[in-house]
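Asks: Structure below; questions to follow.
All of the numbers you see were taken from the coordinates with simple rules; none came from a lab. Bear in mind the structure is a predicted one, so any value in this text is a computation, not a measurement. Note: ideal-geometry Cβ built from the backbone for every residue, glycine included; neighbour counts use all protein chains shown.
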Amino acid sequence: MGLTGLFLITFLVIHVGLNACIFYDLPIFDPNDNGAMFNKASHFMGSTMVMRLLEIVLFAGFILHIIQGWSLELQNRQKRKQGYQVNLGNRGSKWYSRSMGILGTLIFLFLVLHISDFWIPSRITHNLPQAQYHGVEMHDMFIKMYNSFQNPVVVVLYLLGVLALAYHLFHGFHSAFRTMGVHNRKYLAMLKSLGYGFTIVVCVLFALMPIAMFLNWVSPL
Amino acid sequence: MEHYNMNLTLKVWRQPNKNSEGRFETFDVKDISSEMSFLEMFDVLNERLISEGNDPIAFDHDCREGICGACSMHINGRPHGPWHATTTCQLHMRAFKDGDTIVVEPWRANGFPVIKDLVTDRTSFDRIIQAGGYISVNTGNAVDGNALPIEKDKADASFAAAACIGCGACVAACKNASASLFVSAKVAHLALLPQGEPERKNRVLSMIAQMDNEGFGSCTFTGACEAVCPKEISVTNISRMHKDYLWAGLSTEK
């Protein structure tokens, strides 16, 4: 669980870094970029053999993490047949550390939406607008993203997905290291702070993407 | 500290035996001194129940000084009640106010089946210890304490882990009913000392296997066990146990 979690955390770094290329269109960088940097980065990820092979490993990581998570949750729920009249609740732990199964399920539902929104059109159906840079034709993922995020319902769903991810990471980041056996108090304190910092940076960046496009801070125009 | 008397309403879990259905029973207790311990308050109630010809409430207790781990009540949703780092027997009635309603339940976990009322069968902990929580190698005759050098940090960590009284509050508080804090404390207090080193790998493998067999859940590091532990056993012991378990699993001869 911890190992697959840490693997997926490294994926988040790549995913948020690549998607953050959309912000190059902001006036402070290059307002005439119109998503060119993001499209080229997306094209690199979709057309390079190594990246496509890593994509298979990534899917395997997701599937393994989801199966492990659900089976762990199901097993643990069966360990107390009769519950308490009065529960300990927040007096002993944070609500999100007790809700990793539910948060993970919400992220899974978000993942289904996200994959059907972007991954399937770009890798399987290819029904996307095209862009051309230096004679190379590629999917215009920037326009696809922009069009998707003009719908306020989609924006809200994405923000809820990011919120679930944030709380999942608040607990999951340091818990993964503990599971792997890190017990040095100094390192654990550092990892906890690092986890909070990582979660805030990654999730704020992810949340800003639909917001920036919905509010036309970045646009293909 | 100001002394006062109080009247309370107790909602206590009653269950005649292991196989029967249980239910909450409500008792009004009057003129309880704030200087009584929580168990003394139960003694007063039980004396009244006996004098009335009723069955007294069964609860575990032994030393009544916080070191045996026998007392085990889930009081108002918290193992051992509202005070931090305190066993039920050391909890005093000044923790409550006149007119309070107190809900008292037994530990709830598949690994701790209820025997009667507030008494649970915690022999699963004994079986976990029997699986490896000891040193069986020949350590020779007793030698001068200073003849065996042990670094201070390790001695302190071992001593802190050895403070575990095996009360089961960690299991009671954990949403997964995991016994990891107990097992990790018992693993750590031996593993950190030179005498425990030769059997370190087999000990951690055997004790974790037995913990799983007893029907306890897995640790997901919520930290509830550490928050309620009357002996303040650190959850860091669980991480250390995981490290030992991983290493033992990869390198043991068996």
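Asks: At 15 Å minimum axial length over the Cα atoms and a Kyte-Doolittle cut of -0.5, report the qualifying DSSP H helices in chain A, or say none. Don't skip to the end; give the middle numbers.
Replies: Details: long enough: A:2-19 (25 Å, 1.82); A:36-47 (16 Å, 0.03); A:49-77 (42 Å, 0.97); A:100-114 (20 Å, 2.33); A:152-179 (39 Å, 1.32); A:185-214 (44 Å, 1.46).
Helices meeting the criterion: A:2-19, A:36-47, A:49-77, A:100-114, A:152-179, A:185-214.
Asks: Right, another one. Could you tell me which residue out of A:146, A:134, A:166 lies farthest along the dipole of region A:35-168 toward its positive end? Charges go on the beta carbon: Lys and Arg +1, Asp and Glu -1, centred on the Cα centre.
Replies: After comparing all options, I get A:166.
Asks: Taking other Cβ within 10 Å of each residue's Cβ, how do B:120, B:101, B:87, A:125 sort, fewest first? Before the final figure, lay out the partial values.
Replies: On the way: B:120 23, B:101 11, B:87 29, A:125 8.
By the 10 Å Cβ count, ascending: A:125, B:101, B:120, B:87.
Asks: A further question follows. Given the convex hull over the Cα atoms of region A:48-185, what projected area results after averaging over all orientations, in nm²?
Replies: The orientation-averaged projected area of the Cα hull of region A:48-185 comes to 13.1 nm².
Asks: A further question follows. Tell me, what ³J(HN,Hα) does each residue in region B:3-13 have, in order and in whole Hz, if you take phi through Karplus 6.51 cos²θ - 1.76 cosθ + 1.60 with θ = phi - 60° and put x for Gly and Pro?
Replies: Values, residue by residue: 8, 8, 9, 9, 10, 10, 10, 10, 10, 10, 6 Hz.
Asks: In addition: Can you give the local net charge around residue A:195? Use residues other than it whose beta-carbon is closer than 14 angstrom to its beta-carbon, Lys and Arg +1, Asp and Glu -1.
Replies: Its environment carries a net charge of +3.
Asks: Also: To the nearest 20 debye, what charge dipole does region B:5-115 have about its Cα centre, counting +1 at the Cβ of each Lys and Arg and -1 at the Cβ of each Asp and Glu?
Replies: Once rounded to the nearest 20, the dipole reads 400 debye.
Asks: Please report B:13, B:107, A:217 as a ranked list, fewest other C-beta atoms within 10 angstrom at the top and most at the bottom.
Replies: Starting with the residue having the fewest Cβ neighbours, the order is A:217, B:13, B:107.
Asks: May I ask you to derive the relative contact order of chain A, considering only C-alpha pairs under 8 Å and at least 6 residues apart, and to give it as an integer percent?
Replies: 30 percent
Asks: How shielded is B:221-229 by partner chains, expressed as the average number of their Cβ atoms within 10 Å of its Cβ atoms?
Replies: 6
Asks: Continuing with this model, one more query. Give me the distance between the Cα centres of region B:198-254 and region B:112-143, rounded to whole Å.
Replies: 15 Å
Asks: Using DSSP to define loop residues, name the trypsin sites (Lys or Arg not before Pro) in region A:83-179 whose beta-carbon has at most 11 other beta-carbon atoms within 10 Å.
Replies: none
Asks: On to the next question. Enumerate the residues in region A:97-120 having an amide nitrogen under 19 Å from the point lying 7 Å beyond the Cα of residue A:11 toward its Cβ.
Replies: Within reach of a label on residue A:11: A:100-120.
Asks: Now, a different point. Non-local amide H neighbours of residue B:217 (under 5 Å, H modeled in plane, Pro and chain starts lacking H): which ones?
Replies: Counting only residues 5 or more places away or on other chains, the set is B:178, B:179.
Asks: Using only atoms on other chains, find how many Cβ atoms lie within 10 Å of each Cβ of peptide A:97-107 and report the average.
Replies: Partner Cβ neighbours, averaged per residue: 2.
Asks: How do the peptides B:178-186, B:216-224 rank, highest first, by the average count of neighbouring beta carbon atoms within 10 Å per residue?
Replies: B:178-186, B:216-224
Asks: Which value, in debye to the nearest 20, gives the size of the charge dipole of the protein assembly as shown about its Cα centre, when Lys and Arg are +1 and Asp and Glu are -1 at the Cβ?
Replies: 780 debye
Asks: Could you give the size of the charge dipole of region B:155-254 about its Cα centre, using +1 on the Cβ of each K and R and -1 on the Cβ of each D and E, expressed in debye and rounded to the nearest 20?
Replies: Values: 9 positive and 9 negative charges, 17 e Å.
In total the dipole reaches around 80 debye.
Asks: Okay, moving on. Which is farthest toward the positive dipole end of region B:5-115 among B:38, B:109, B:88, measuring Cα position about the Cα centre, with Cβ charges +1 (Lys, Arg) and -1 (Asp, Glu)?
Replies: Positive-most Cα among the choices belongs to B:109.
Asks: Another one. Taking Cα centroids, how far is region A:153-221 from region A:64-90 in Å?
Replies: So the two Cα centres are separated by 24 Å.
Asks: Please label the shape of the protein assembly as shown as rounded, prolate or oblate, based on the square roots a ≥ b ≥ c of the eigenvalues of the alpha-carbon gyration tensor (a/c under 1.5 means rounded; beyond that, a/b larger than b/c means prolate, else oblate).
Replies: Judged from the Cα gyration tensor, the protein assembly as shown comes out prolate (a/c at least 1.5, a/b above b/c).
Asks: Where a ≥ b ≥ c are the square roots of the eigenvalues of the C-alpha gyration tensor, would you call region A:108-221 rounded, which needs a/c under 1.5, or, failing that, prolate if a/b is larger than b/c, or oblate?
Replies: Judged from the Cα gyration tensor, region A:108-221 comes out prolate (a/c at least 1.5, a/b above b/c).
Asks: Using the beta-carbon distance between residue A:136 and residue B:136 and R0 = 60 Å, what value does 1/(1 + (r/R0)^6) give for FRET efficiency, to the nearest 0.05?
Replies: E between residue A:136 and residue B:136, to the nearest 0.05, is 0.30.
Asks: Next up: Enter the mean number of other protein chain beta carbons within 10 Å of the beta carbon of each residue in B:94-105, as an integer.
Replies: The mean count of partner-chain Cβ atoms within 10 Å per residue comes to 1.
Asks: Right, something else. For region B:123-251, what does the alpha-carbon gyration tensor say about shape, rounded, prolate or oblate, given a ≥ b ≥ c as the root eigenvalues, a/c under 1.5 as rounded, and a/b over b/c as prolate?
Replies: Note, shape of region B:123-251 comes out prolate.
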